[in-house]
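The values are calculated or read from the model by the stated rules, or taken from the named source; none is laboratory data. For clarity, every value in this text was computed on a predicted model and none was experimentally measured. Glycine gets a Cβ as well: all are built from the backbone with ideal geometry, and neighbour counts include every protein chain shown. Please note that ligands, DNA and RNA were not included when accessible areas were found on the heavy atoms of the full protein model with its side chains. Shrake-Rupley method; radii C 1.70, N 1.55, O 1.52, S 1.80 Å.
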Protein chains: 2
Amino acid sequence: MSGHLAVIGLGPGDARTLTPEAQAALAGAEALYGYGGYLDRVPMRESQSRHASDNRQEGSRAAAALAHAAAGAKVAIVSGGDPGVFAMAAAVCEAIAGGPPAWRCLDITVVPGVTAMLAVAARVGAPLGHDFCVLSLSDNLKPWELIERRLDAAARAGFAIALYNPISRARPWQLGKAFDRLRGLLPPATPVVFGRAVGRADERVTVTTLAAADAASADMATLLIVGSRATHVIERPGRSPLVYTSRSAPGRDEGTPA
Amino acid sequence: MSGHLAVIGLGPGDARTLTPEAQAALAGAEALYGYGGYLDRVPMRESQSRHASDNRQEGSRAAAALAHAAAGAKVAIVSGGDPGVFAMAAAVCEAIAGGPPAWRCLDITVVPGVTAMLAVAARVGAPLGHDFCVLSLSDNLKPWELIERRLDAAARAGFAIALYNPISRARPWQLGKAFDRLRGLLPPATPVVFGRAVGRADERVTVTTLAAADAASADMATLLIVGSRATHVIERPGRSPLVYTSRSAPGRDEGTPA
């Protein structure tokens, strides 16, 4: 079978964060699939067909791209950030697992990219510089109780926490509830970073505390980082503060609630 | 103060994973600091001075680079992968926090890169496609008991787990003990990925199970991914298997030990 499917990470922002490997994979594709907002970031090529779909149609998009590749074409699916973190690579694997046997014979490549949490962390210093957890706040595919249990486990064990999919029109209360939950387990001064659209024209990055964190400051394009007890802020004259998580464990028991 | 320090992520492998942003930051530096093995990946420029240091001298390297930048130079520190994940960005922040006040006036930028876990995950599918934890197995700066507590918390709460710094000559037993610990909490068939030197000439990626995982298969250049109960393997005729973590939570209680 000659078909090929590449699942390509575009990185968080403009072309400056696109790896040469991703660039080459994009150039080699005959057909591009993806959420419209991500496809818009890829320069048009006359020889390529484009298949835009809605943000939430990962499963059907994966199936359509696989079917197209199985017909012998060189197909690419684009993802923002890295395709392996809450993005299209898992949707493609799920589609293969549940799809026709021929899809298992396809040549599949995943091209990694800079995922949002790395871009946001870089903007403020090194809040993910030591052990951390990465959690989606979307309860579309998992129960909210499981999300709460994971938040508790992460905070109690002293992980910093990166939160993907913090809020959407269909999920308006989840982030506020997550903050409330974490306030019961971490000190009020715990640093919280809101990183919106990093690397794009409308980028906005703010550093606050868990006590002051307001869910209304986040939108669909926001990635949050909640520190651990080892996360510190360095104030700087005339510059934005640095936020980092120390490579050394704090002297106190990190499991003790605040 | 005119000095500038850039902390630059080189990505996991060759130039194909270096972002244009990192490329530009490297080109603009007057002095490059870093572990020798990482500096060797950057093409020589006559106008640049090079300052190689040993792998474990992060603190003194950060201080030397900051002092150099404070003298007015454009300085860069290079990291493999992403500088914000168990790498130089946190070391630089720590040095600033404990250093002379002038260092707080410096222009500091962190340039993100593709970190090892994303590159390893991409090679096998999407094992980090849902909630996961990222943990260093090095007990140089934190007690082993804390590492065990974090492994337990991550496995019990249903996170996949990416393990950095799994083993070294000075830390020969930690990975084996971590496997033992996880075997008490996760099913024997839990997928485990060993990803060594991904993107480089001596790349080696293998997929096994938690029951069969052998710590002796890892070295300093290896990144490990241990799945959760939602991590599955798709066998493929004539191709390496795909490993992915489902976006949906499994129907069973993930907190129950195997």
Selection count, the range B:166-182, where residues are in a loop (DSSP other than H, G, I, E, B) and out of contact with any strand residue (DSSP E or B) (no Cβ under 9 Å at 6 or more places or on another chain): 4
Scan of the range B:66-92 for residues that are under 19 Å from A:V243 (Cα atoms) and over 15 Å from the mean Cα position of the chain (by Cα), ordered by number: B:L66, B:I77, B:V92
Residues located in the range B:93-135, provided they are at the interface with another protein chain (Cβ under 8 Å from one of its Cβ atoms), over 16 Å from the mean Cα position of the chain (by Cα) and of a type in the set (A, V, I, L, M, F, W, C): B:C93, B:I96, B:A97, B:C105, B:I108, B:A126
Of the criteria (1) modelled with pLDDT of 95 or more; (2) in contact with a strand residue (DSSP E or B) (Cβ under 8 Å, 6 or more places away or on another chain), which one A:A27 fails: (2)
Those residues of the range A:14-51 which are surrounded by fewer than 22 Cβ atoms within 10 Å (Cβ to Cβ), within 13 Å of another protein chain (Cβ to nearest Cβ) and within 17 Å of the chain's Cα centre (by Cα), in sequence order: A:D14
Residue check for A:R61: of a type in the set (K, R) and either in contact (Cβ under 8 Å) with a residue 40 or more places away in the chain or farther than 30 Å from A:D139 by Cβ (or both): no
Residue check, B:R61 modelled with pLDDT of 95 or more and more than 22 Å from the chain's Cα centre (by Cα): no
Subset tally (residues that are part of a loop (DSSP other than H, G, I, E, B), in contact with a strand residue (DSSP E or B) (Cβ under 8 Å, 6 or more places away or on another chain) and crowded, with 23+ Cβ neighbours inside 10 Å) for the range A:156-165: 1
Residue within the range B:195-213 that is surrounded by 19 or more Cβ atoms within 10 Å (Cβ to Cβ), in a strand (DSSP E or B) and free of Cβ contacts under 8 Å to residues at least 40 places away in the same chain present: yes
Test for B:V75: is it closer than 28 Å to A:I8 by Cα and β-branched (V, I, T): no
Residue check for A:V114: touching a residue at least 40 places away in the same chain (Cβ under 8 Å), of a type in the set (V, I, T) and surrounded by fewer than 24 Cβ atoms within 10 Å (Cβ to Cβ): no
Residues within the range B:88-104 that are within 22 Å of A:L118 (Cβ to Cβ) and without any contact (Cβ under 8 Å) to a residue 40 or more places away in the chain, tallied: 7
Options A:L10, A:L66, A:L26, A:L18: the member that is touching a Lys or Arg at 6+ places or on another chain (Cβ under 7 Å) and within 30 Å of B:T231 (Cβ to Cβ): A:L10
Failed item, numbered, when A:G59 is tested on (1) farther than 24 Å from B:A249 by Cα; (2) open to solvent by less than 40 Å² (accessible area, probe 1.4 Å): (1)
Residue within the range B:204-220 that is more than 30 Å from A:E58 (Cβ to Cβ) and at pLDDT below 95 present: yes
Residue ID - least open to solvent (accessible area, probe 1.4 Å), chosen from residues in the range A:226-242 that are among the charged types (D, E, K, R) and part of a strand (DSSP E or B): A:R236
Within the range B:141-155, tally of residues that are within 7 Å of another protein chain (Cβ to nearest Cβ) and part of a helix (DSSP H, G or I): 4
Qualifying position, being touching a residue at least 60 places away in the same chain (Cβ under 8 Å) and crowded, with 21+ Cβ neighbours inside 10 Å, among B:L175, B:L128: B:L128
Scan of the range A:105-140 for residues that are in a strand (DSSP E or B) and either among the hydrophobic types (A, V, I, L, M, F, W, C) or touching a Leu at 6+ places or on another chain (Cβ under 6 Å) (or both), ordered by number: A:I108, A:V110, A:V111, A:G125, A:A126, A:F132, A:C133, A:V134, A:L135
